[in-house]
Amino acid sequence: MAEKIAFITGGNRGIGFQTALELSQQGIHAVIGSRDLAQGEQAVARLRAAGANADVIQFDITKPADYQVAYDYFNSRYGRLDILVNNAGIAAGGFPPVGPDHTTGEVPLDVLHRVFETNFFAQVALTQALLPLIRKSPAGRIVNLSSILGSLTLHATPGSPIYNAKSFAYDASKTALNAFTIHLAHELRDTKIKVNSAHPGWVKTDMGGDQAPMEVSDGAKTSVALATLPDDGPTGGYFHMGKPLPW
Ligand SMILES: NC(=O)c1ccc[n+]([C@@H]2O[C@H](COP(=O)([O-])OP(=O)(O)OC[C@H]3O[C@@H](n4cnc5c(N)ncnc54)[C@H](OP(=O)(O)O)[C@@H]3O)[C@@H](O)[C@H]2O)c1
């Protein structure tokens, strides 16, 4: 069988880089998207030094022109895309969440728009742009990097692990992304494509910060598992380390 081709957005660092590394260790050709080409090339050099079959394209998920660049790249080389990991994302401000950008009553609307633009609208638009190529894969997989912070059920449940960890813009953007997962999976239910949301865990990255309990080496496990699901695997789910999360 031809080698699988994966596109990992925001693959130059953090969980995206680790995802590219682990997918390539399974014989998958990992193409990372990086806003800064030089940083992306450095990341690819590190991946190749670890034995990976990896490449980079310059890619900013908030630039619609870049969707066509990505489409043309995969279409001209492979005529299909097997795995899309919608990993690129931003927080409303630093973690732990402190300050007005994290509040509900005071978050400036421009912050809300910016976070939704990257974490929701751009993810939908890129997926729509690449869907024709994913439909050509014998086993398409779409992984949306959500967060446990997108769970309405856990936010509404006193005593849950995230009950007091509220950052409205980020949380709501991931809830919206979860809605995209459910709706797209339903629309694709009669195809070979599986669409799932991943919560990687609280991971020590630039976004997760130093207090996070999980190392980056464990932070890609959920993304990788969902990107490589077998044909009888789930679709339209929300998972952390193989276990379902409440929506
Ligand atoms: N870390 C955690 O604890 C945690 C927990 C739950 C969910 N997540 C989710 O997991 C994903 C990865 O998080 P992370 O911790 O690895 O974050 P990170 O270390 O901050 O890395 C974020 C990545 O996204 C890229 N990115 C941001 N905006 C972009 C844009 N407009 N276009 C293209 N790329 C863009 C960044 O590129 P630049 O280098 O150019 O900025 C970087 O490669 C995110 O979706 C995040 O919400 C993380």
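Quick notes on this structure:
- Given R0 = 41 Å, the distance between the Cβ atoms of Lys63 and Ser217 translates into a calculated FRET efficiency of 0.85.
- Distance from the C-alpha centroid of the stretch 84-105 to that of the stretch 183-247: 19 Å, rounded to the whole angstrom.
- Taking 0.36 nm per residue of sequence separation and removing the Cα-Cα distance, the Ala179/Gln42 pair yields an extension gain of 45.8 nm.
- Solvent accessible area, Å² - Glu215, 1.4 Å probe, full protein context: 90
- For the stretch 89-233: rounded, prolate or oblate by the Cα gyration tensor [a/c cutoff 1.5]: prolate
- Ranked by the mean number of other Cβ atoms within 10 Å of their residues, highest first, the peptides 104-113, 202-211 come out as 202-211, 104-113.
- The H on the amide N of Asp55, modeled in the peptide plane, is under 5 Å from the matching H of Ala30, Val31, Ile32, each at least 5 residues off or on a different chain.
- If the chain linking Ala125 and Asp231 were pulled fully straight, counting 0.36 nm for each residue of separation and taking away their Cα-Cα distance, it would gain 35.6 nm.
- Percentage of interatomic Cα-Cα distances in the stretch 1-117 larger than 23 Å: 37
- DSSP bridge orientation in the chain - percent antiparallel, rounded to nearest 5: 5
- Of the peptides 192-199, 175-182, 9-16, the order by per-residue mean of other Cβ atoms within 10 Å, starting with the highest, comes out as 9-16, 192-199, 175-182.
- Of the trypsin sites (Lys or Arg not before Pro) found in the stretch 108-190, those that fall in a DSSP loop while having at most 13 other beta-carbon atoms within 10 Å are Arg189.
- Scanning residues 5 or more positions from Arg141 or on other chains, those with amide H under 5 Å from its amide H are Ile83, Leu84, Lys194, with H placed 1.01 Å from N in the peptide plane.
- Take the stretch 1-53 with all the other protein chains still there, run a 1.4 Å probe, and you get 44 Å² of accessible area per residue.
- Per-residue Karplus couplings for the stretch 174-182, computed as 6.51 cos²θ - 1.76 cosθ + 1.60 with θ equal to phi - 60°, are listed in order as 6, 4, 5, 4, 4, 4, 4, 4, 5 Hz, Gly and Pro entered as x.
- Share of carbon and sulfur in the accessible heavy-atom surface of the stretch 191-247 [1.4 Å probe, %]: 58
The values are calculated or read from the model by the stated rules, or taken from the named source; none is laboratory data. All figures in this text were calculated on a predicted structure; none of them were measured in a lab. Every residue, glycine among them, receives a Cβ derived from its backbone with ideal geometry; neighbour counts consider all protein chains shown. These accessible areas exclude ligands, DNA and RNA; they are computed on the full protein's heavy atoms, side chains included. Shrake-Rupley method; radii C 1.70, N 1.55, O 1.52, S 1.80 Å.
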